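Nothing in this text is a laboratory measurement; each read-out follows from the coordinates by a stated rule. Only a predicted model underlies this, so the values are computations on that prediction, with no experimental measurement involved. Quick reminder, even Gly has a Cβ in these numbers, built from the backbone with ideal geometry, and neighbours come from all protein chains shown.
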């Protein structure tokens, strides 16, 4: 990449992203699982509207999962909770200022099928991605998480294209292909939503097979083929204990523990939402996967849309290791 990616904590990400939006001159593309208007996200949302009003192309795509999280996934009144109504008003306001806004996953068969789990913000040629931060004040304030800031025109163009194609596919009710893009030592992987297929999960398994040691950090216990491969490797797994999670995630973690036979080394009391794997290869070289994927097979089966960075860059990997030692270990 043309400039060294920088790991940002949630508050740093929100501050730098908002500042970049204020300076934007040509384009802003934002895709996320969740977007809400609250005390924490106000300035970010206002900056999007202001950019559109001064003529910047502003495109936002967020998942309908937002309403489930705010009002209850199985409740017919989920659109009428106060936070849900505030979110609807926010979207109406953004559109009135010229923002192009799409809700993704409106026609998914279940609350968890075909979710767009990607977190990506492109501001001109600046990219914020390859982490797990949702634009939701509760998550920003409480979760252990990060995003990477990258500056690279081609990466920005590629992510804008991928996000645009995923949005187009969602409108027409079809899945978009998975893709990979190479940038020197780095490769970007995107999952487009085919149920039962994930280029990111496949790559996680391929690297695990070759590695001598594996360090995994995720909100969930690794399951499926990856979970089985890790049993035969020297590994350290850090994922949330069930008691740290809400009702739904508690069930997901519990099922993962029961079926995988793995245990977590995570002992802290804050909820982990970061997702990365660092592989130590037989040569001693380290390879990392970081992004939105939780490395569970359920997401593969459900056709979740994801983004990840595969890197051999020691400077990026050292940032992940520093984050791990300070906030996870």
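A few points about this structure:
- Across the chain, Cα pairs under 8 Å and at least six residues apart give a relative contact order of 19 percent.
- Label-to-label distance, nm, for residues given as residue 54 and residue 283 (7 Å Cα→Cβ offset): 4.7 nm
- Compactness of region 98-203 was expressed as the Cα radius of gyration divided by 2.2 N^0.38 Å, which yields 1.12.
- Förster-model FRET efficiency, 41 Å R0, residue 249 and residue 3, C-beta, rounded to 0.05: 0.70
- Amide N proximity, region 47-87 versus residue 96 label position 7 Å along Cα-to-Cβ, cut-off under 15 Å: 49-50, 53, 86-87
- Sites residue 263 and residue 225, calculated FRET efficiency, Cβ-Cβ separation with R0 22 Å, nearest 0.05: 0.70
- Label-to-label distance for residue 195 and residue 157 is 3.6 nm, based on points extended 7 Å past Cα in the beta-carbon direction.
- Compactness of region 3-171 is given as radius of gyration and Dmax, 15.1, 47 Å, from Cα positions.
- Legend: translational diffusion of region 179-327 by Stokes-Einstein, Rh = Kirkwood radius over C-alpha pairs, 20 °C, 1.002 mPa s; D = 139 µm²/s.
- Looking at the chain alone, DSSP beta bridges between its own residues are antiparallel in about 70 percent of cases.
- Helix content alone sets the calculated 222 nm mean residue ellipticity of the chain: runs of n ≥ 4 DSSP H residues at -39500 (n - 2.57) each, divided across all residues, give -11500 deg cm²/dmol.
- Modelled FRET efficiency - R0 25 Å, residue 173 with residue 82, Cβ distances, 0.05 increments: 0.20
- Alpha carbon centroid spacing (whole Å) that separates region 310-329 from region 137-204: 20 Å
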